[in-house]
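*Asks:* Got a structure for you, questions after.
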Amino acid sequence: MYKRDKAGKGGRKRLACLALALLLCLTGCGGNPPEGTAGEAAVSVTLEEEVLAEAEGCFRYLWEQAQTDEASGAYGMVRDRYPGAKNVSSIAATGFALASIPYGIRKNWISQEEGRQRAEKTLDTLLSLDHEKGFLYHFVNMLNGQPATGSEVSIIDTGILLCGAIVAGEYFGGSVQEKALELYGRVDWEYFLDGSRNMFYMSRSPEGEFAGHWDVYAEQLILYVLSAGSPTYPLDSDPYYAFGRLEGRYGEHTFIHSWFGSIFTYQYSHAFVDFRGLEDEKGTDWYQNSVEATLAARQFCIDQQEQWETYGENAWGLTACDTRDGYNGLQGAPPSGTDNRAHESGGTIAPAGAIGSMPFTPEESTAALKHYMTFPDLQGQYGLKDAYNLDQNWFDSDYIGIDKGISLLMIANYESGMIWELFMGNENIRRGMENLGFAEKK
């Protein structure tokens, strides 16, 4: 049965855990970080000045780069990137934005009423958009709310959007929660399931063709939790236990790795699902797995710093991002693929790689963030821009919504576990975790 350990050990940590246990009695959700050093998320930490500044920049992107014209048919939809792609919004960025609203209120960046109105009107938009059995198009035109030209229907981007809606619903309750549940409840998970392989497809083209499979571990863990907990179209745990778990090693770190070794794959589900202290029926601890993957990714950049000027102990976390030659989704670190040849690395670093790992490696991630802030060309109105490459003397001109989103939510979780607490407080999510066989780690 899904449950969480509420015991803590040792000095200040014991006091922190006892304080959190009291909080859990009042809120009914959340949990304690496991024992250990690397990857230990603090309870109600005080953010360093640089971290708080980046968090605020991320929030302002998600808040200010949303459509606010209610006549557009796309109210609340968040721009995929800025200043590029002027009229294209991303449903994943919109999901991150919905989840960010409670944190923005807590930090007094917006008022409670401003946040509630933005969340509810955004959900109204989402309920009106074109969809296929509840699954949404990856990109939406911000001028009219129609699918962007050539955009696919995306299960993972729909999943991120649903997670953000659930967070906002849990925070505000009332009609916001009702609309979030309606959005979640209309998704027919079996529609995107390849029954012959018990695996989700990745996308559906505008012509109606399904493509790709979530056949190995990556950022898709949230899909199994959402589908197993669905109040209307629940699936059993078979798809969760069907995908491949490729185990590899880099240096001292052994873990289940994604195909390209891109660090965002170890982050996205963890922005919402609190895996700390839990394991599944195969004995997999996904939280510790991400800790090991993060430390390995950092070590790879340390080991490569003689080849690439950008890399080093404070410049790491290879992830899908902009490069001088355009967006590259293959950027990552070993292990990758089946022979460590699937990933690419060419000296480009995205700050979101390290910042999005804040709950896993808080000291290392904070040091990296401070290092990035030493480059004036990497900074702008929304904090750190998407990427840079010292070997090419290149600094990105754009911000990317999903990178600002993962950075903000993981900072929030590191600071107080706020997003985790709200998401895990949803009864459907708790049921999904139980149905997948997650339990307290033995």
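*Asks:* Given the rule -39500 (n - 2.57) for each run of at least 4 DSSP H residues, summed and divided by the residues of the chain, what is its mean residue ellipticity at 222 nm, to the nearest 500 deg cm²/dmol?
*Replies:* Details: 14 runs with 175 residues, N = 442.
Rounded to the nearest 500, it is -12500 deg cm²/dmol.
*Asks:* Considering only protein heavy atoms and a 1.4 Å probe, what is the carbon-and-sulfur percentage of the accessible area of segment 165-274? Present the calculation step by step, with values, prior to reporting the outcome.
*Replies:* On the way: 1900 of 4010 Å².
The nonpolar share, carbon plus sulfur, comes to 47 percent.
*Asks:* Quick one: if the Förster radius is 41 Å, what FRET efficiency do Glu178 and Leu330 give, using the C-beta to C-beta distance and rounding to 0.05?
*Replies:* It comes to 0.50.
*Asks:* Taking a ≥ b ≥ c as the square roots of the eigenvalues of the Cα gyration tensor of segment 148-301, is the shape rounded (a/c under 1.5), prolate (a/b larger than b/c) or oblate?
*Replies:* Prolate.
*Asks:* Normalised by the residues of the chain, what does the relative contact order come to in percent, with Cα pairs under 8 Å and at least six apart?
*Replies:* Relative contact order, the chain: 21 percent.
*Asks:* Another question, if that's okay. Over segment 78-192, what is the relative contact order in whole percent, taking alpha-carbon pairs under 8 Å and six or more residues apart?
*Replies:* 31
*Asks:* Then there is this: For segment 228-358, what is the relative contact order in percent, using Cα pairs closer than 8 Å and at least 6 residues apart in sequence?
*Replies:* Dividing the mean separation by the residue count of segment 228-358 yields 27 percent.
*Asks:* Using a 1.4 Å probe, what is the accessible area per residue for the chain, in Å²?
*Replies:* 38
*Asks:* Additional query: Hey, can you rank 192-202, 399-409 by average C-beta count inside 10 Å, highest first?
*Replies:* The peptides rank, most packed first, as 399-409, 192-202.
*Asks:* When a/c is below 1.5 the answer is rounded, else prolate if a/b is larger than b/c, else oblate, so apply that to segment 36-123 with a ≥ b ≥ c taken from the square roots of the Cα gyration tensor eigenvalues.
*Replies:* Verdict is prolate for segment 36-123.
*Asks:* Figure the gain on full extension for Glu440 and Asn108 (residue separation times 0.36 nm, minus the Cα-Cα span) and round it to one decimal in nm.
*Replies:* Extending this stretch completely gives an extra 116.0 nm.
*Asks:* Next question. Using the Cα centre as the reference, give the magnitude of the dipole from point charges on the C-beta atoms of segment 276-413 (Lys, Arg: +1; Asp, Glu: -1; all else neutral), rounded to the nearest 20 debye.
*Replies:* 280
*Asks:* Can you tell me how the chain classifies by the Cα gyration tensor, rounded, prolate or oblate, using a/c under 1.5 as the rounded cut?
*Replies:* Note, shape of the chain comes out rounded.
*Asks:* Ignoring everything but the protein chains, give the 1.4 Å probe accessible area of Asp325 in square angstrom, nearest 10.
*Replies:* Rounded to the nearest 10, the figure is 130 Å².
*Asks:* When the dipole is taken about the Cα centre of the chain, and only Lys, Arg (+1) and Asp, Glu (-1) are charged at their Cβ, what size is it in debye, to the nearest 20?
*Replies:* That gives the chain a dipole magnitude of about 1040 debye.
*Asks:* Given Lys86/Lys121; Lys370/Lys441; Lys107/Lys133; Lys107/Lys370, which pairs have Cα atoms separated by over 26 Å? Display every interim value, and only then the final one.
*Replies:* Numbers: Lys86/Lys121 21 Å; Lys370/Lys441 35 Å; Lys107/Lys133 37 Å; Lys107/Lys370 21 Å.
Over 26 Å apart, Cα to Cα: Lys370/Lys441; Lys107/Lys133.
*Asks:* What is the gain in length, in nm to one decimal, between Ala242 and Asn340 on full extension, counting 0.36 nm per residue of separation less the C-alpha to C-alpha distance?
*Replies:* So the chain would gain 33.0 nm between Ala242 and Asn340.
*Asks:* Using Cα centres only, tell me the gap between segment 334-366 and segment 169-187 in whole Å.
*Replies:* Going from one Cα centre to the other spans 34 Å.
The values are calculated or read from the model by the stated rules, or taken from the named source; none is laboratory data. Here the structure is a predicted model, which means the values were calculated and not measured. Every residue, glycine among them, receives a Cβ derived from its backbone with ideal geometry; neighbour counts consider all protein chains shown. SASA here: full protein model, heavy atoms, side chains in, ligands and nucleic acids out. Shrake-Rupley method; radii C 1.70, N 1.55, O 1.52, S 1.80 Å.
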